[in-house]
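The values are calculated or read from the model by the stated rules, or taken from the named source; none is laboratory data. These figures come from a predicted structure and were not determined experimentally. So basically every Cβ, Gly included, is an ideal-geometry build from the backbone, and we count neighbours across all protein chains shown. Side chains included, ligands, DNA and RNA excluded: accessible areas come from the protein's heavy atoms. Shrake-Rupley method; radii C 1.70, N 1.55, O 1.52, S 1.80 Å.
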Amino acid sequence: MGKKIATVLTDMFEDSEYTEPADAFKEAGHEVVTIEKEAGKKIEGKNKQAEVMIDKGIDEVQPDEFDALFIPGGFSPDQLRADERFVKFAKAFMDAKKPVFAICHGPQLLITAKSLDGRDATGYVSIKVDLENAGVNFHDKEVVVCSNQLVTSRTPDDIPAFNRESLKLL
């Protein structure tokens, strides 16, 4: 039975870090719902290789409507974490122990949600100190799975491992 995956992103997301996992989730029979500030908006990846039509605005959704949360990287997570609605939304998934998939800069949203203390995780090299300051046990590995709930990876090169472990949790 397919799961419903909340996907939070905005302009300047890392193109392949959204498109490749989203395609893998859909191919496995899961539903990917894109969420930004407003529904019907078209956003663009930082490499201008992907455009995404937003399905739902953040004010239209509740965490309990979804089975998992997906946070692609790029500059998107840093922008989203400035909006308390997205921070609360992400924190709710972590608190409920629902699967959360964050790649590259994706964990920035979880740092702001103060939900990574004591967790094993990875992320892009430039946020290593931020992750450590948030209490993360940082691992420089292609994929880190923590407590059978949180899947993190570092870069687009890690997408195959990220997809594999995310799909296992689903």
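Things to note:
- All conditions in (1) closer than 16 Å to residue 88 by Cα; (2) over 13 Å from the mean Cα position of the chain (by Cα); (3) open to solvent by less than 50 Å² (accessible area, probe 1.4 Å) hold for residue 114, with the sole exception of (3).
- Hey, residue 118 within 19 Å of residue 15 (Cβ to Cβ) and outside any helix (DSSP H, G or I) or not: no
- Residue count for segment 131-156 under the criterion of being of a type outside the set (D, E, K, R), touching a helix residue (DSSP H, G or I) at 6+ places or on another chain (Cβ under 6 Å) and either open to solvent by 20 Å² or more (accessible area, probe 1.4 Å) or over 20 Å from residue 88 (Cα atoms) (or both): the result is 6.
- Within the option set 35, 43, being crowded, with 17+ Cβ neighbours inside 10 Å, in a strand (DSSP E or B) and over 15 Å from the mean Cα position of the chain (by Cα) holds for one residue only, 43.
- Taking first residues from segment 1-14 that are closer than 9 Å to residue 76 by Cα and hydroxyl-bearing (Ser, Thr, Tyr) and partners that are open to solvent by less than 10 Å² (accessible area, probe 1.4 Å) and assigned to a strand (DSSP E or B), the Cβ contacts under 6 Å between residues at least 6 apart in sequence or on separate chains come to 10/36; 10/43.
- Set side by side, the residues 98, 128 differ, and just one is farther than 18 Å from residue 61 by Cα and either surrounded by 15 or more Cβ atoms within 10 Å (Cβ to Cβ) or touching a residue at least 12 places away in the same chain (Cβ under 8 Å) (or both), which is 128.
- Top-ranked residue of segment 157-170 - restricted to ones that are under 20 Å from residue 93 (Cα atoms) and hydrophobic (A, V, I, L, M, F, W, C), ranked as surrounded by the most Cβ atoms within 10 Å (Cβ to Cβ): 162
- Test: residue 78 is open to solvent by 40 Å² or more (accessible area, probe 1.4 Å), more than 26 Å from residue 168 (Cβ to Cβ), part of a helix (DSSP H, G or I) and not aliphatic (A, V, I, L, M): yes
- Residue among 28, 90 that is more than 14 Å from residue 6 (Cβ to Cβ), touching a Leu at 6+ places or on another chain (Cβ under 8 Å) and either buried (at least 19 other Cβ atoms within 10 Å of the Cβ) or of a type in the set (Gly, Ala, Ser) (or both): 28
- Some residue of segment 129-143 being within 18 Å of residue 4 (Cβ to Cβ) and not in a loop (DSSP other than H, G, I, E, B): no
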